[in-house]
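Structure record follows, encoded as structure tokens.
The values are calculated or read from the model by the stated rules, or taken from the named source; none is laboratory data. Since the model is a prediction, treat every value here as computed from it, not as a measurement. Please note: Cβ atoms are built from the backbone with ideal geometry, for glycine as well, and neighbour counts cover all protein chains shown. All accessible areas refer to the heavy atoms of the entire protein, side chains included, with ligands and DNA or RNA removed. Shrake-Rupley method; radii C 1.70, N 1.55, O 1.52, S 1.80 Å.
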Amino acid sequence: MQEGDGKRSFYLLTLGCPKNTADSEELSGLLISQGLKEAEDPEGADILLLNTCGFIEDARKESIDEIFRLIRLKGKTRQLIVFGCLAQRYRDELMREIPEIDLLFGVNEEERILQEVSGNGSLPTPDPVSLPGRSSTYRYLKIADGCNRGCSFCAIPSIKGPFSSIPPEKLLVKARRFISSGAREIILVAQETTSYEWDTGKYRLEDLIRDITRIEGDFRVRLHYFSPYAVREELLEEMALNPKVCKYVDIPLQHSEEGVLRLMRRGGNRDFFRDLIEKIRKIVPGVTLRSTFIVGFPGETERDFEGLLDFVEEVGFDRLGAFLYSREEETPAWPLGDPVPIEVKEKRYHELISLQERISLQKNLALSGKRLRVLVDETDGGVAIGRHEGQSPEIDGVTLIRKAGGIRPGEFIYTIITDGNEYDLEGVPA
Ligand code: SF4
């Protein structure tokens, strides 16, 4: 509500992936630089903004639930603006079926939202200091959008369009902004980061990393969303040699069995992935490997699933995420139906996750006695909660540092690991 300072306020809720988080942070920075104020909760805001996710059933359901929750809160006076992937994918249906939504925008329409909200169409350079204070030790930097890969289960290309890199100069301005506003970790995200390029391929991801890490300051850079079909040695060498780059590779493989990968319209097989992982571990010693798999894809047999379990056991990923196959309209896999019963999908999901929990427990226990450099994200009494370079925020575990009196968020603390479980580690300052 317009307070003493007469500033209009907005409440911005973000659903979905780190790319959405990056887009929302950019939008709220723009709105603040236009004189609006960010409200902590919807009750205290004039404008309610929802950045939606729409790529699988569960995400759509969550977005719809949030739309109706905000409709109940908006009352007669407030404006509800819905944008992002769900709005991009189901624009007409949403406008027709939920008329309580005042304005609807798709993806990458920040400029139009700004125009509507502030009545000013030109995109000013946001004032770095005024950026809203989200947990400021790490920030997501979206380096590209869209995707050209066309995996048969995925709706993202139909939502976000073809792959397009964001100009390096723009990214470096944002990176400087994040660092000057206190970030100690910059996480590069895109649908897949390894295809990043500029200037007709003369400027690649390793060049961008090098330029970001030349920015003065004690911070680190993390990469997410590698494509297994685009991992170049030059990139791995930059990761290995650059002290400011986390030795961390997030590389969704989705499956290991050739037959299933073919149905997913993805290449590769166990041998191809085994060789790739060997190369990554050779060039980047001590690298933390994260991957993601889909269980229950149409045509996945019990034998395929056993093959996947064998592969995961053999490789020994440090981190692993898994999804139940979600049949999606307008995707090439739609005509395959959804033949794997939900009980079987869930059984396979739990089997895969419990195998990974056993592997992660062994790996975490093997870190006992090790001295790791931990970035502190928050403190709680005498305990600091942070992450070493092998722990990415919001998806991996944390490191609890005991006897951490006097330590503040944003500090890097050398920590002796004393204990761990399948997710988290414990330690004391070195
Ligand atoms: S790589 Fe495949 S799964 Fe990932 S966004 Fe592109 S099409 Fe979707």
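Odds and ends about this structure:
- Among the residues of segment 182-205, those that are crowded, with 18+ Cβ neighbours inside 10 Å and either part of a loop (DSSP other than H, G, I, E, B) or small (Gly, Ala, Ser) (or both) comprise Ala183, Arg184, Ala190, Gln191, Glu192, Thr193, Thr194, Ser195, Tyr196.
- Condition met for Ile64 (in a helix (DSSP H, G or I) and not polar (S, T, N, Q)): yes
- Test for Pro335: is it outside the structural domain of Leu15 (by TED's automatic domain parsing), in a loop (DSSP other than H, G, I, E, B) and either modelled with pLDDT of 95 or more or charged (D, E, K, R) (or both): no
- The set of residues in segment 91-141 being modelled with pLDDT under 95, of a type in the set (Gly, Ala, Ser) and surrounded by 14 or more Cβ atoms within 10 Å (Cβ to Cβ) consists of Ser118, Ser130, Ser136.
- Total residues in segment 234-254, condition in a loop (DSSP other than H, G, I, E, B) and more than 16 Å from the ligand (Cβ to nearest atom): 5
- Note on segment 241-267: residues that are within 27 Å of Tyr203 (Cβ to Cβ) and more than 24 Å from the chain's Cα centre (by Cα) amount to 1.
- Subset tally (residues that are within 16 Å of the ligand (Cβ to nearest atom), touching a Ser or Thr at 6+ places or on another chain (Cβ under 7 Å) and open to solvent by 10 Å² or more (accessible area, probe 1.4 Å)) for segment 255-275: 2
- Just one of (1) open to solvent by 20 Å² or more (accessible area, probe 1.4 Å); (2) at pLDDT 95 or above fails for Arg8. It is (2).
- Subset tally (residues that are open to solvent by 10 Å² or more (accessible area, probe 1.4 Å), assigned to a loop (DSSP other than H, G, I, E, B) and within 26 Å of Ile209 (Cβ to Cβ)) for segment 276-299: 3
- Residue selected from segment 402-415 under the condition more than 16 Å from Gly390 (Cβ to Cβ) and open to solvent by less than 60 Å² (accessible area, probe 1.4 Å), by the criterion nearest to the chain's Cα centre (by Cα): Gly410
- Unmet requirement for Leu223, which otherwise passes all of (1) out of contact with any Cys (no Cβ under 8 Å at 6 or more places or on another chain); (2) under 23 Å from Arg387 (Cα atoms); (3) hydrophobic (A, V, I, L, M, F, W, C): (1)
- Once segment 153-181 is narrowed to residues that are within 20 Å of Phe226 (Cβ to Cβ) and part of a loop (DSSP other than H, G, I, E, B), the residue that is farthest from the ligand (Cβ to nearest atom) is Ile166.
- Failed condition for Leu361, given (1) more than 17 Å from Asp424 (Cβ to Cβ); (2) open to solvent by 40 Å² or more (accessible area, probe 1.4 Å); (3) not in a loop (DSSP other than H, G, I, E, B): (1)
- Conditions (1) buried (at least 18 other Cβ atoms within 10 Å of the Cβ); (2) out of contact with any Pro (no Cβ under 7 Å at 6 or more places or on another chain); (3) assigned by TED's automatic domain parsing to the domain that holds Ile401; number of the one not met by Val383: (1)
- Verdict on Pro42 being surrounded by 22 or more Cβ atoms within 10 Å (Cβ to Cβ), modelled with pLDDT under 95, outside the structural domain of Tyr225 (by TED's automatic domain parsing) and not β-branched (Val, Ile, Thr): no
- Within the option set Glu238, Glu306, being more than 23 Å from Pro393 (Cβ to Cβ), more than 21 Å from the chain's Cα centre (by Cα) and either at pLDDT 95 or above or surrounded by 15 or more Cβ atoms within 10 Å (Cβ to Cβ) (or both) holds for one residue only, Glu306.
- Any hit, segment 309-322, residues being without any contact (Cβ under 8 Å) to a residue 40 or more places away in the chain and farther than 27 Å from Tyr423 by Cβ: no
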